[in-house]
(Lines give C-alpha, C1' and ligand atoms only; values in the text may rest on other atoms or scores of the structure.)
Protein backbone atom coordinates (compact mmCIF):
# COMPACT_ATOMS: atom_id res chain seq x y z
CA UNK A 1 0.00 0.00 0.00
CA UNK A 2 1.18 3.51 -0.82
CA UNK A 3 1.46 6.24 1.77
CA UNK A 4 -1.18 8.92 1.58
CA UNK A 5 -1.00 12.67 2.20
CA UNK A 6 -3.68 15.23 2.99
CA UNK A 7 -2.42 18.57 1.71
CA UNK A 8 -3.60 22.11 2.43
CA UNK A 9 -2.82 25.59 1.12
CA UNK A 10 -4.32 28.43 3.12
CA UNK A 11 -3.98 32.14 3.73
CA UNK A 12 -3.50 33.52 7.23
CA UNK A 13 -3.58 37.25 8.03
CA UNK A 14 -0.21 38.30 9.46
CA UNK A 15 -1.86 39.56 12.62
CA UNK A 16 -3.37 36.09 13.17
CA UNK A 17 -0.18 34.01 12.84
CA UNK A 18 0.15 33.30 16.58
CA UNK A 19 -3.50 32.24 16.83
CA UNK A 20 -3.19 30.01 13.76
CA UNK A 21 0.02 28.44 15.01
CA UNK A 22 -1.63 27.65 18.36
CA UNK A 23 -4.52 25.99 16.51
CA UNK A 24 -2.04 24.08 14.31
CA UNK A 25 -0.19 22.77 17.39
CA UNK A 26 -3.49 21.44 18.75
CA UNK A 27 -4.20 19.82 15.39
CA UNK A 28 -0.76 18.20 15.34
CA UNK A 29 -1.32 16.67 18.76
CA UNK A 30 -4.68 15.26 17.73
CA UNK A 31 -3.64 13.79 14.37
CA UNK A 32 -0.44 12.31 15.80
CA UNK A 33 -2.34 10.84 18.75
CA UNK A 34 -4.57 8.92 16.36
CA UNK A 35 -1.73 7.62 14.18
CA UNK A 36 -0.61 10.12 11.54
CA UNK A 37 3.02 9.51 10.57
CA UNK A 38 3.92 13.19 10.09
CA UNK A 39 2.18 16.53 10.52
CA UNK A 40 3.67 19.69 8.99
CA UNK A 41 2.45 23.29 9.04
CA UNK A 42 4.75 25.45 6.90
CA UNK A 43 4.51 29.24 6.67
CA UNK A 44 5.66 30.73 3.38
CA UNK A 45 9.07 32.34 3.63
CA UNK A 46 10.63 32.37 0.13
CA UNK A 47 7.62 32.85 -2.13
CA UNK A 48 9.21 34.70 -5.04
CA UNK A 49 9.58 32.11 -7.81
CA UNK A 50 12.81 31.96 -9.75
CA UNK A 51 13.12 31.18 -13.42
CA UNK A 52 13.20 27.42 -14.00
CA UNK A 53 14.38 26.19 -17.38
CA UNK A 54 13.58 29.49 -19.04
CA UNK A 55 10.07 29.61 -17.59
CA UNK A 56 8.55 31.41 -14.62
CA UNK A 57 6.25 29.51 -12.32
CA UNK A 58 3.24 30.89 -10.48
CA UNK A 59 3.93 32.17 -6.97
CA UNK A 60 1.94 30.68 -4.08
CA UNK A 61 0.87 34.24 -3.21
CA UNK A 62 -0.67 34.57 -6.69
CA UNK A 63 -2.24 31.14 -6.56
CA UNK A 64 -3.82 31.84 -3.17
CA UNK A 65 -4.61 35.48 -4.03
CA UNK A 66 -2.83 36.56 -0.85
CA UNK A 67 -2.78 40.24 0.03
CA UNK A 68 0.37 41.97 1.37
CA UNK A 69 -0.98 41.64 4.94
CA UNK A 70 -1.38 37.84 4.59
CA UNK A 71 0.88 34.80 4.68
CA UNK A 72 0.51 31.58 2.67
CA UNK A 73 0.78 28.27 4.49
CA UNK A 74 1.49 24.89 2.91
CA UNK A 75 0.53 22.10 5.27
CA UNK A 76 0.33 18.34 5.07
CA UNK A 77 -0.36 15.22 7.08
CA UNK A 78 1.23 11.89 6.12
CA UNK A 79 -0.57 8.57 6.66
CA UNK A 80 0.33 4.89 6.11
CA UNK A 81 -2.42 4.57 3.48
CA UNK A 82 -5.68 6.14 2.30
CA UNK A 83 -7.62 3.61 4.38
CA UNK A 84 -5.62 4.51 7.50
CA UNK A 85 -6.12 8.21 6.72
CA UNK A 86 -9.88 7.70 6.59
CA UNK A 87 -9.82 5.90 9.96
CA UNK A 88 -7.66 8.58 11.61
CA UNK A 89 -9.66 11.48 10.16
CA UNK A 90 -12.91 9.90 11.41
CA UNK A 91 -11.47 9.74 14.95
CA UNK A 92 -10.20 13.33 14.73
CA UNK A 93 -13.58 14.58 13.47
CA UNK A 94 -15.35 12.71 16.28
CA UNK A 95 -13.10 14.32 18.89
CA UNK A 96 -13.54 17.75 17.29
CA UNK A 97 -17.32 17.33 17.42
CA UNK A 98 -17.09 16.60 21.13
CA UNK A 99 -15.07 19.80 21.62
CA UNK A 100 -17.29 21.98 19.40
CA UNK A 101 -19.22 23.51 22.28
CA UNK A 102 -15.99 24.49 24.04
CA UNK A 103 -14.75 26.39 20.97
CA UNK A 104 -18.06 27.71 19.59
CA UNK A 105 -17.18 31.36 20.34
CA UNK A 106 -13.59 31.15 19.07
CA UNK A 107 -13.15 32.69 15.63
CA UNK A 108 -11.01 30.95 13.03
CA UNK A 109 -7.68 32.74 12.41
CA UNK A 110 -8.13 32.30 8.65
CA UNK A 111 -10.90 32.19 6.03
CA UNK A 112 -11.91 28.56 5.43
CA UNK A 113 -13.38 29.53 2.03
CA UNK A 114 -9.85 30.35 0.84
CA UNK A 115 -8.32 27.03 1.90
CA UNK A 116 -7.53 24.38 -0.70
CA UNK A 117 -7.59 20.77 0.52
CA UNK A 118 -6.87 17.47 -1.19
CA UNK A 119 -5.83 13.88 -0.65
CA UNK A 120 -2.76 12.62 -2.51
CA UNK A 121 -1.38 9.15 -3.10
CA UNK A 122 2.40 9.09 -2.72
CA UNK A 123 3.96 7.94 -6.00
CA UNK A 124 7.62 8.86 -5.41
CA UNK A 125 9.28 8.93 -2.02
CA UNK A 126 12.85 9.71 -1.12
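The values are calculated or read from the model by the stated rules, or taken from the named source; none is laboratory data. Computed from a prediction, not measured in an experiment: that's the story for all the values here. Please note: Cβ atoms are built from the backbone with ideal geometry, for glycine as well, and neighbour counts cover all protein chains shown.
For this structure, a couple of remarks:
- Candidate set from region 29-46 (those that are touching a helix residue (DSSP H, G or I) at 6+ places or on another chain (Cβ under 8 Å) and assigned to a strand (DSSP E or B)); member that is nearest to residue 84 (Cα to Cα): 39
- Residues in region 52-65 that are in a loop (DSSP other than H, G, I, E, B) and in contact (Cβ under 8 Å) with a residue 24 or more places away in the chain were compared, and the one that is surrounded by the most Cβ atoms within 10 Å (Cβ to Cβ) is 64.
- Criterion violated by residue 96 - all others in (1) part of a helix (DSSP H, G or I); (2) closer than 19 Å to residue 109 by Cβ; (3) within 15 Å of the chain's Cα centre (by Cα) satisfied: (3)
- Of 68, 109, 49, all but one fail to be outside any helix (DSSP H, G or I), in contact with a strand residue (DSSP E or B) (Cβ under 7 Å, 6 or more places away or on another chain) and without any contact (Cβ under 8 Å) to a residue 24 or more places away in the chain; the exception is 49.
- Across region 31-62, the qualifying residues are those that are farther than 27 Å from residue 14 by Cα and at pLDDT below 95, and the one among them that is farthest from the chain's Cα centre (by Cα) is 54.
- Criterion (out of contact with any strand residue (DSSP E or B) (no Cβ under 6 Å at 6 or more places or on another chain), within 28 Å of residue 4 (Cβ to Cβ), surrounded by 12 or more Cβ atoms within 10 Å (Cβ to Cβ) and free of Cβ contacts under 8 Å to residues at least 12 places away in the same chain) met by exactly one of 33, 22: 33
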